[in-house]
Amino acid sequence: MIMHYNVNTIPVGVLGASGYAGRELCALVASHPRVSLAFATANEQRGQTIRVGGRTVTFQGPDDVALDSAAVVFCALPHGASLPWVTRAREAGARVVDLSSDLRPGHGGGDAVYGMPELPAGQNGALLREQIRSADVVANPGCYPTSILLALAPLVRAGVVAPGATVIANSASGVSGAGNTPKREYLFAEIAGDYRAYGVGNTHRHLKEMTATLGTIGANADLVFTPHLLPVARGILSTITIPLTAAPDDPLAIYREAYADEPFIEVADQQPTLHDVVRRNVVRLTATMIAGTRTPTLLVTSAIDNLVKGAAGQALQNANLMLGLDETLGLPA
């Protein structure tokens, strides 16, 4: 299907725009210089109007929009409900960035390209960025995997992770990562002043995505992942311990080399905090050798905004690539 666009803007649509990631997408699109919002759907909130990015958006029912009016459709529907709409959007001629887990590695995948531009596509050194440019469907990564995989990938590629190692990743996320469906355990009175682990025992759904992806880049290690709930609205801080083959002279040298040309990855000398990354499309990380261990062990700390680089921002970054635009366009860095 041939689509004709305004010379100044390219139409995009958001399915599931009433969720936190969907609203974030609408706000980012509103301030983007080259794309415009063709539609935003919300089944239960159809007809309701919100203000995002200084603009008014009225939600439509998903069956009431013309999917072929968008060059790219962002599918921000719940996990398990997204795949049929991805298929419908493709049949209408649109390209798709799917924010659910339905098409991610370890969950089926299909023909979708994994949407983490800075990550290796395999063991040959090429990055996923090049596959994303020509992809019809991109599976946008989860927020936890974004914070963890980009912290591990340079070490795996450099061959410095101890063979058969157990990598331990502890991640703490703001409450918006759980979505906006009302649940008692996420009420302010339940989370304020508290801090707790969940998905313990390596049972969190994001683990499949991470282990499958690590396998594609040649990792020979077990991953133990424990998420925690922070009493804040947004942001993820991950601390990851990695046994190494030997202690490097400069733990950050591998990261500086791997990410020297990456606009959205910041390699820092100091420990990153959530204040460093909130409302920015960046991963900020650092690495420090751990003292007092018999095996040389590295501690990597990474921070992201779960709604931006962990969801909507990364989705727009992928769309920029798919549309042949500057990858950084319209994204807060």
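Numbers below:
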quantity: Meets criteria (open to solvent by less than 10 Å² (accessible area, probe 1.4 Å) and outside any loop (DSSP other than H, G, I, E, B)) for Val57; calculated: no
quantity: Of all residues in the stretch 235-261 being touching a Leu at 6+ places or on another chain (Cβ under 9 Å), open to solvent by 10 Å² or more (accessible area, probe 1.4 Å) and β-branched (Val, Ile, Thr), the one that is farthest from Leu331 (Cα to Cα); calculated: Thr241
quantity: Unique match (being touching a residue at least 24 places away in the same chain (Cβ under 8 Å) and either open to solvent by 30 Å² or more (accessible area, probe 1.4 Å) or more than 24 Å from Pro332 (Cα to Cα) (or both)) among Arg34, Arg51, Arg88; calculated: Arg34
quantity: Within the stretch 155-172, considering residues that are part of a helix (DSSP H, G or I) and in contact with a strand residue (DSSP E or B) (Cβ under 9 Å, 6 or more places away or on another chain), the one most open to solvent (accessible area, probe 1.4 Å); calculated: Arg157
quantity: Any hit, the stretch 142-151, residues being assigned to a helix (DSSP H, G or I), of a type in the set (Gly, Ala, Ser) and open to solvent by less than 10 Å² (accessible area, probe 1.4 Å); calculated: yes
quantity: Matching residues, the stretch 60-85, being open to solvent by 40 Å² or more (accessible area, probe 1.4 Å) and among the polar types (S, T, N, Q); calculated: Gln60, Ser69
quantity: Only one of Ser238, Ser176 that is in a strand (DSSP E or B), in contact with a helix residue (DSSP H, G or I) (Cβ under 8 Å, 6 or more places away or on another chain) and polar (S, T, N, Q); calculated: Ser238
quantity: Those residues of the stretch 120-139 which are under 17 Å from Val73 (Cβ atoms) and part of a helix (DSSP H, G or I), in sequence order; calculated: Ile132
quantity: Some residue of the stretch 205-218 being part of a loop (DSSP other than H, G, I, E, B), within 23 Å of Asn306 (Cα to Cα) and open to solvent by 40 Å² or more (accessible area, probe 1.4 Å); calculated: yes
quantity: Strands (runs of 3 or more DSSP E) (entirely within the stretch 265-333) containing at least 1 residues that are of a type in the set (Gly, Ala, Ser) and in contact with a Lys or Arg (Cβ under 9 Å, 6 or more places away or on another chain); calculated: 297-304
quantity: Number of the condition not met by Arg88 [criteria: (1) outside any loop (DSSP other than H, G, I, E, B); (2) under 13 Å from the mean Cα position of the chain (by Cα)]; calculated: (2)
quantity: Any hit, the stretch 90-101, residues being touching a Cys at 6+ places or on another chain (Cβ under 9 Å) and among the acidic types (Asp, Glu); calculated: yes
quantity: Per-region count, the stretch 262-286, residues over 19 Å from the mean Cα position of the chain (by Cα) and open to solvent by 10 Å² or more (accessible area, probe 1.4 Å); calculated: 3
quantity: Which numbered condition Ile290 misses (of (1) open to solvent by 40 Å² or more (accessible area, probe 1.4 Å); (2) touching a residue at least 60 places away in the same chain (Cβ under 8 Å)); calculated: (2)
quantity: Residue list for the stretch 91-108, restricted to those being open to solvent by less than 30 Å² (accessible area, probe 1.4 Å), within 27 Å of Ile217 (Cα to Cα) and either among the hydrophobic types (A, V, I, L, M, F, W, C) or touching a residue at least 60 places away in the same chain (Cβ under 8 Å) (or both); calculated: Val96, Val97, Leu99, Ser101, Leu103, Arg104
quantity: Filter result for the condition that a residue is modelled with pLDDT of 95 or more and either within 16 Å of Pro145 (Cα to Cα) or among the hydrophobic types (A, V, I, L, M, F, W, C) (or both), over Thr203, Thr273, Thr226; calculated: Thr226
quantity: Meets criteria (part of a loop (DSSP other than H, G, I, E, B), modelled with pLDDT of 95 or more, of a type outside the set (A, V, I, L, M, F, W, C) and under 20 Å from Gly310 (Cβ atoms)) for Pro117; calculated: yes
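Let's see how each residue does on (1) at pLDDT below 95; (2) of a type in the set (A, V, I, L, M, F, W, C):
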site	(1), (2)
Met1	yes, yes
Asn6	yes, no
Gly13	no, no
Gly16	no, no
Gly19	yes, no
Cys26	no, yes
Val29	no, yes
Pro33	no, no
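The values are calculated or read from the model by the stated rules, or taken from the named source; none is laboratory data. Since we're looking at a predicted model, the values are computed, not measured. We place every Cβ from the backbone using ideal geometry, glycine too, and count neighbours over all the protein chains shown. SASA here: full protein model, heavy atoms, side chains in, ligands and nucleic acids out. Shrake-Rupley method; radii C 1.70, N 1.55, O 1.52, S 1.80 Å.
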